[in-house]
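Inspection log for the structure reproduced underneath, given as structure tokens.
Read-outs: derived from the displayed coordinates by stated rules, not from any lab. If you're wondering where the values come from, they're calculated on a predicted model, not measured in any experiment. Please note: Cβ atoms are built from the backbone with ideal geometry, for glycine as well, and neighbour counts cover all protein chains shown.
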Amino acid sequence: MYSLNPSNPTFFDSDKLLSEFIRQASVCHGCRLCFNYCDSFPLMFTYTDKKGPKNLTLDDLFNVASKCFHCKMCYVNCPYVPPHEFNMDFPSLTEWAWLYYKKKRGLTVRDFIFEMLDGVKFARPLAKVIMEKNKELLGIHKEAPTLPVAEKGLRERVKQRSIDNPKAKVALFPTCLIENFFPEIGEDLIELYNELGIEVIIPNFVCCGAPMLDSGDVDRLKKNAEYNTKIIEDLVKKGYDVVSPIPTCTLMIREYKKILDNEIPKVYDAMEYLFKLKNEGKIELKGKIEKNVYYHPPCHLKFLQVGLPGVRLLRSMGAKVDISNNGCSGIDGGWGLRNYDTAKRVGSKMMEAFKQSKADLFSTECPLAGLQIEKSSGRRPLHPIQLLKEAMKNG
């Protein structure tokens, strides 16, 4: 709906920005379905109740946008999104406002440091010490879960196999999280895909841009989007499908069309892609998962509108999967690591549900939500891809 491209003249059109805020806030004021999703809406309703939507200001919008952690749940649950004539897209509006505001006001040193998740690979020992002993230097709240810096990244840990007559060719967008903090997820994905006859390569992508959106760095966000899009387009021309195992990163890449004002080739969620190939009869999943699984559906996976392919695949292999419909984890692509007081409150219902669960296994596609789950329950959830790999291995 809105361009997030700083080269687009509309990006700095403050009159349009304010008029869109007033228009959408007027609809929200009379609906209030999203009153308890995050702190943005209660704050906005405080303003609209006090002076009415028509008297809102840009400063009001910037205050509201600063509370948004980009979970997208207001869009997922809004009854007035396109094709409805109200044409609502509140998260895109707050993203535009936040990037506009930070472009005008400037970034802090901590903003720049927080963006450097993809730079961990250049200084792992130092990053590990800082993350474990003084993560506040990175702008991360002292009570927030600690990202586990891996001693070796994904690319160092795997050898890419050539598959004869592959059933599909995949270019893995490994994400900063998989490359630097959770490489075991990437290892299991590649092992499973290879076992199913899928060739996997790991191109030299850079960070998807989610940390830049969180910090408001629109220039680096665009730079990364341009770099990754060029690689994606070249790979698709060569017959590769691009797959990402982290919903936040998959979503961010799909947002490139707003950042670059251009359509880009489809990037698949890793579980969505397996489900697609299974439905097409190209792969067969063997093995059994005779376990009770408690599953957290990531907010960003919901926004991708691909259903819950991981759950469907797990159930197809015999797992009894109970879905936790207890809201957002509050972390949302790293925002909650910096704003953990809010994240802890937002994610409290979900965290308590996992703490009380007696399921054999926990699972989610979002390793950051997984940190919240582990913090509350003492048990680390597994990515569905990891459960499938173990089932295939023992099948």
Provide the gained length on full extension for the span N134 to E156, in nm with one decimal, where the gain is 0.36 nm per separating residue minus the Cα-Cα distance. 5.3 nm
Taking R0 as 30 Å and r as the Cβ-Cβ distance between S7 and N326, the FRET efficiency 1/(1 + (r/R0)^6), rounded to the nearest 0.05, comes to 0.15
Angle check, please: helix 90-105 long axis (alpha carbons) against the longest principal axis of the chain (alpha carbons), in degrees 0 to 90, nearest 10. 70 degrees
Euclidean distance between Cα centres, the range 47-126 to the range 149-202, Å: 32 Å
List the GluC sites (Glu not before Pro) within the range 199-294 that fall in a DSSP loop (any state other than H, G, I, E or B) and whose Cβ has at most 13 other Cβ atoms within 10 Å. E263, E280, E284, E290
Lysine pairs in the range 292-394 with Cα distance under 26 Å, only those 8 or more apart or on different chains: how many are there? 24
Net charge within 12 Å of Y256 by Cβ-Cβ distance, Lys/Arg positive one each and Asp/Glu negative one each, not counting Y256 itself? +2
Angle in degrees between helix 40-51 and the longest Cα principal axis of the chain, rounded to the nearest 10: 10 degrees
GNM top mover of K222, K104, K152 - the chain, alpha-carbon springs below 10 Å: K104
Trypsin sites (Lys or Arg not before Pro), restricted to the range 303-359: which are DSSP loop and have at most 10 other Cβ atoms within 10 Å? K358
Computed FRET efficiency, Cβ-Cβ of N165 and T46, R0 41 Å: what is it to the nearest 0.05? 0.10
Run the numbers on the chain and let me know its relative contact order in percent, using alpha-carbon pairs under 8 Å that are six or more apart. 15 percent
With a cut-off of at most 13 other beta carbons within 10 Å, and DSSP calling the residue loop, which trypsin sites (Lys or Arg not before Pro) in the range 25-72 qualify? Please list them. R32
If you take every DSSP beta bridge fully contained in the chain, what fraction is antiparallel? Give it as a percent rounded to 5. 0 percent
With the cut-off at 32 Å, tell me which of the pairs K72/K135; K237/K288; K50/K103; K16/K237 have Cα atoms farther apart than that. K237/K288; K16/K237
Ascending count of other beta-carbon atoms within 10 Å, so fewest first, for D261, D49: D49, D261
With N set to the residue count of the chain, report its C-alpha Rg divided by 2.2 N^0.38 Å to two decimal places. 0.98
Compute the acute angle (0 to 90°) between the alpha-carbon long axis of helix 367-377 and the principal axis of greatest extent of the alpha-carbon atoms of the chain; round to the nearest 10°. 90 degrees
Within the under-10-Å Cβ sphere about K355, not counting K355, Lys/Arg +1 and Asp/Glu -1 give a net charge of +1
